[in-house]
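Below is one structure, written out as structure tokens; comments come after it.
We did not get these values from a lab; they are worked out from the coordinates using the rules stated. If you're wondering where the values come from, they're calculated on a predicted model, not measured in any experiment. Neighbour counts are summed over all protein chains in view; Cβ atoms, including those assigned to glycine, are modelled from backbone coordinates with ideal geometry.
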Amino acid sequence: MAKMAARHLANGLAMALLLALCAGLVYVTVLISSESFGDDQRVKRSLLADNEYLFKNGLLHRVHWTKTTPSTLNSATSEVSENGNLPNPSRFDKKSPLEYIFISVKTATKFHLNRLQVIIDTWFNLAPDQIWFFSDSDDPSVVKKTNGHLVNTKCSSSHNRSALCCKMAAEIMAFLATDNRWFCHFDDDNYVNVPALVKNLEHFDHTSEWYLGKPSIPSPLEVMSKKEKKKVSFWFATGGAGFCLSRPLVKRMAPMVENGEFVATGETIRLPDDVTVGYIIEHKLGVPLTVVRSFHSHLEPLRLIAESSMSDQISFGYAAPSSLQQSNHIALPSSSQISELEDPTRFMSLHCYLFPGSLKMCPKH
Ligand code: UDP
Ligand code: MN
């Protein structure tokens, strides 16, 4: 009898667990689908409609867009104001969601003329007040082109682990010196679709601890912790795809980042800066990585990103052809493409695709 009751209880528990799992699955699915805004209509909606859409929802992207989009949008905006349709100007006192995001880009002097220029010509213009470049020299021409948004980290200009960790620590500490809610790191071979980044982050409560990004390995990384004398395993978000951290989490990380602590940890585990971030957050602080699939690095086959979903993706990568492999870049319809010679990364073509007419060289339709 007691055995039967125990079996019933076990069955009941198994059922409850299954239901909980299903509920969890539904929740995750909902989160992912709402996060990706995946309808084709959304893709086809013009930039102006997009602007109105966000505006109707009480968000102040309008302020941002008018600064950064083609003249058609500016004239449309002034039409609205002439019609007297603008709501109470006090609404403009609020910050737009974008203004709460600190976007840092890791770069190096040797990339200022090529990689950085592509960013400055394209997605930097979507959020010039929020984007900061972290490099290893003072370069007056970059300072000028970015309105002073170049930080000389004074870290070494080489590609070794401690130089890269030194830059990551500088990025994190610079964020803490602001009052922004989100810290988002990217590499200089990324294209960042800023509106998609903003929309994605709005799904997460900035007052909680969040580690958002995408791993590029199929299972957690295992390292031997000498101090703890045991194997520890953890996930990390690929730095080359970008990742975002909420302020409460970064605040708790601070003692492990400042005063050379981050570099020291990187040296202890002998792994790169993005892995060190994962080690500190998942292992030391116990905050799990939340996978956001719309971050993309050149470690994945970029041509597989569907054209219809481009506007929902947060970041894209690029890898130049080498003796080992062909170039890795996104695929766009040929009508949207600027020639490969002028646009090997496809970032200019992508910018034109997402923001038609935003560059002089955009193909005319
Ligand atoms: N980087 C750097 N110093 C270097 C080489 C690279 O700061 O000496 C930065 C580079 O600007 C980029 C990131 O590190 O943001 C990754 O470099 P890269 O894309 O060249 O290499 P990957 O690790 O992706 O193969
Ligand atoms: Mn890279």
In order through the range 337-346: 3J(HN,Hα) via Karplus (6.51 cos²θ - 1.76 cosθ + 1.60), integer Hz, x for Gly, Pro:
9, 8, 4, 4, 4, 7, 9, x, 6, 6
Which residue, 140, 151, 264, has the largest displacement toward the positive end of the dipole of the range 129-266 when charges sit on each Cβ (Lys, Arg +1; Asp, Glu -1)?
264
To the nearest 20 debye, what charge dipole does the range 98-291 have about its Cα centre, counting +1 at the Cβ of each Lys and Arg and -1 at the Cβ of each Asp and Glu?
580 debye
Gain in span if fully extended, residue 208 to residue 268, counting 0.36 nm per residue against the direct Cα distance:
18.7 nm
From the square roots a ≥ b ≥ c of the eigenvalues of the alpha-carbon gyration tensor of the range 189-297, which class results: rounded (a/c under 1.5), prolate (a/b over b/c), or oblate?
prolate
Quick check: net charge around residue 327, other residues with Cβ under 11 Å of its Cβ, Lys/Arg +1 and Asp/Glu -1?
+1
Could you order peptides 218-229, 340-351 by the average number of other Cβ atoms within 10 Å of their residues, highest first?
340-351, 218-229
³J(HN,Hα) computed for each position of the range 289-297 - Karplus, 6.51 cos²θ - 1.76 cosθ + 1.60, integer Hz, glycine/proline x:
5, 9, 7, 10, 6, 8, 8, 9, 10
Go through the range 191-204 residue by residue and turn each phi into a ³J(HN,Hα) via Karplus (6.51, -1.76, 1.60, θ = phi - 60°); whole Hz please, and just put x for glycine and proline.
10, 10, 8, 4, x, 5, 4, 4, 4, 5, 5, 5, 7, 10
So if I take the centroid of the Cα atoms in the range 340-359 and the same for the range 178-205, what is the distance between those two points in Å?
21 Å
Counted neighbours (other Cβ, 10 Å), sorted fewest up, put 113, 150 in the order 113, 150
Sorted by packing (mean other beta-carbon atoms within 10 Å per residue), highest first, where do 309-319, 353-363 land?
309-319, 353-363
